[in-house]
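Participant: If you scroll down you'll find the structure; I have some questions about it.
Bear in mind these aren't lab numbers, they're just calculated from the coordinates by the rules spelled out. Keep in mind that this is a model prediction, so the values were computed, not measured.
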Amino acid sequence: MMKKNIIAATLLTVLALFFASCEKQPVNEWNRFYGYTQDDIVGHYEANPDESLYQDLPTEGVAVYKDATIDISAVGSTSISLHIVIPGKVNKTFSGPIDMTDENRSDIALLNIINNTNKEDIRLTVYKNDNGQVRFHGVVKRYYYSIDADTGNLILDRSDNWGFDVIKQ
């Protein structure tokens with residue numbers, strides 16, 4: 001009887017180890033896309049269906065919206081026009097150059113100056129997976145400034161932040 005219990009316990013241990021070793025570990029399929037070209041990023045982007053990526057950005061107060069879309073078109077050989085829509089929150093176009101000479105770039109940052117005391121920008125990181133898909137993860141920020149009566153300097157009062165995660169279609 002004792003021999004059967006030892007054999008059964010050994011068999012259960014071996015099976016448990018086998019199934020534990022077969023369990024798939026999560027794989028990060030997205031890598032920063034360094035040295036992307038204008039052609040790589042031009043196109044239409046829809047919300048990323050991978051729910052695990054919708055976490056708060058490292059910046060406190062940034063919610064990532066699951067219904068964002070982005071359209072990017074070329075403007076000349078080194079500039080882009082980026083239109084982002086987050087229904088009920090953001091419907092903006094940002095335009096500007098991209099430094100195509102920097103092979104170490106994997107980010108895009110574009111600025112809109114609304115007036116002396118309001119500015120907005122979009123900052124995003126460009127990713128690519130082994131299947132050649134391109135993905136953006138980033139934030140649109142609108143900054144509200146006031147002018148210090150004593151110094152005339154701009155002082156940041158607050159900012160609104162809208163995060164997004166989209167994949168090129």
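Participant: Of all alpha-carbon pairs in the range 79-169, indicate the percentage at a distance above 22 angstrom.
Facilitator: The answer is 38 percent, as a whole percent.
Participant: OK, next. Taking the C-alpha atoms of the range 56-100, how large are the radius of gyration and the largest Cα-Cα span, Dmax, in Å?
Facilitator: Reported Rg and Dmax, both Å: 13.1, 36.
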